[in-house]
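The values are calculated or read from the model by the stated rules, or taken from the named source; none is laboratory data. Not measured: the values here are computed from a predicted model. All Cβ positions, glycine included, derive from the backbone under ideal geometry; neighbour counts span all protein chains shown. Note: areas computed on protein heavy atoms with side chains; ligands, DNA, RNA excluded. Shrake-Rupley method; radii C 1.70, N 1.55, O 1.52, S 1.80 Å.
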Amino acid sequence: MGDVSVGGGGRRRPRLAVDLSILAVIGVLLLAALGAGAGALYREFYSPSAFVLRYLTMLESGRASDALAMPGVALDGAELSAAGLPPTASDALLRSAALGSLTDATIVSEVQDGDTTIVKAQYIAGGHAGTTTFRVASNGLLGVAPTWRFAQSPLAVMNLTVLGSMSFDVNSFLLDKRQVSPDGVDADPVAPVSMLVFSPGLYSISVKTAISATPGTAVLADAPMVNVPVQLQAEPTEEFVSVVQERVEEFLTACTTQQVLQPTGCPFGFVVRNRVEELPTWTIVQQPEISIVPDGAGWRIPDTEAAAHIDLEIRSLYDGTLHDVAEDVPFLVNGTIDVLPDGTASIRLGGSDLG
């Protein structure tokens, strides 16, 4: 009986060793799977890359206020000044209505750089491919999960100079210089206005008013904490030129009602060295073809040729004979046009004789 007992125990030991080995392998596989799952979870939800992608996804979906609320995005005047940016930059464009199209955002790389992580992303902004690099730093833990903040805000500053108009559109969002300038209603019409913008973002700027318009221009803000200079020159609309043409013609026609040799305040006149027997009569025989060119904050009418006609009767001081005078008098018309705060235009005309 003893022999049987010993023999049976010897057969069970190898099986037990095999079972334990299998369990050990299963344990290693489970740990590896758990580790891989945790790594994937970290990369997708808790890594610096995930933090940046979350910011870009908010911009893609037009959630400007949520993007602005992410740690490290918002800036105050002191931070702007310390970065060499205008401390009074307006936040008027940090809203959903002013965002352009942003799609296909993906992370290209993530590299550790001391206490910060450099995350590079690529995207399509308004149909244009772009890349932007972000700096991300630790923001502590939420339970056992790491949280992050932008070590460098992804905002930039657009310094926009618009000539020929106080109002302009940015991505179809209408603004007025007096709304975004720190000087308010006293804003200098030719001075640039500084506005914070999200980076990345494509910003299309245009002017479309009854007086002036532009075909528009676009700028891609693709780098954080930089100045983005933009200058736009509006051109007069056909409607504006037509109205000025009409007003000039009305003014010159009114000048012809003055039956004097030198109509007061008018760009034409006539000189005689004899006695005028009958009051002169004037007509405009060639109205000027008005053009308008930009002139700083306003507009200018360059020298334009025109002609008046005078009819009068004079008596010679030498022999007393009468003479009828019928003569065309060429002259130049010019002027300046100021756009008033209420959007109307003030025209000041000048000119001189060509004779």
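Details
- Whole-Å semi-axes of the ellipsoid equivalent to region 184-262 (Cα gyration tensor, √5λ, descending): 44, 15, 8
- If R0 is taken as 45 Å, the Cβ-Cβ distance between N139 and A297 corresponds to a FRET efficiency of 0.45.
- Ligands, DNA and RNA are left out, and with a 1.4 angstrom probe the accessible area of the chain is 54 Å² per residue.
- For region 71-175, the relative contact order works out to 24 percent when only alpha carbon pairs closer than 8 Å and six or more residues apart are counted.
- Solvent-accessible area of region 31-180 (1.4 angstrom probe, protein heavy atoms only): carbon and sulfur portion equals 55 percent.
- Among the trypsin sites (Lys or Arg not before Pro) in region 70-169, those located in a DSSP loop and surrounded by at most 15 other Cβ atoms within 10 Å of their own Cβ are R95.
- Positive minus negative residues near R300 (Lys, Arg vs Asp, Glu; Cβ under 11 Å): -2
- The chain: calculated mean residue ellipticity at 222 nm from DSSP helix runs of at least 4, using -39500 (n - 2.57): -8000 deg cm²/dmol
- The calculated FRET efficiency for the pair T217 and T253, based on their C-beta separation and a Förster distance of 45 Å, comes to about 0.65.
- Dipole in debye (nearest 20) - region 180-293, about Cα centre, beta carbon charges: Lys, Arg +1; Asp, Glu -1: 220
- Neighbour cut-off at most 11 other Cβ (10 Å), DSSP loop, trypsin sites (Lys or Arg not before Pro), region 202-279: R273
- Segment E305-V111, length gained on full extension (0.36 nm per residue, minus Cα span): 63.0 nm
- In this structure V339 has an accessible area near 60 Å², from a 1.4 Å probe over the protein heavy atoms.
- Cα convex hull of the chain, projected area averaged across orientations, nm²: 28.1
- Rounded if a/c under 1.5, otherwise prolate or oblate - region 219-351, Cα gyration tensor axes: prolate
- Counting 0.36 nm for each residue step from S204 to S101 and taking away their Cα separation leaves a gain of 36.0 nm.
- Probe 1.4 Å - accessible area at E110, Å² to nearest ten: 80
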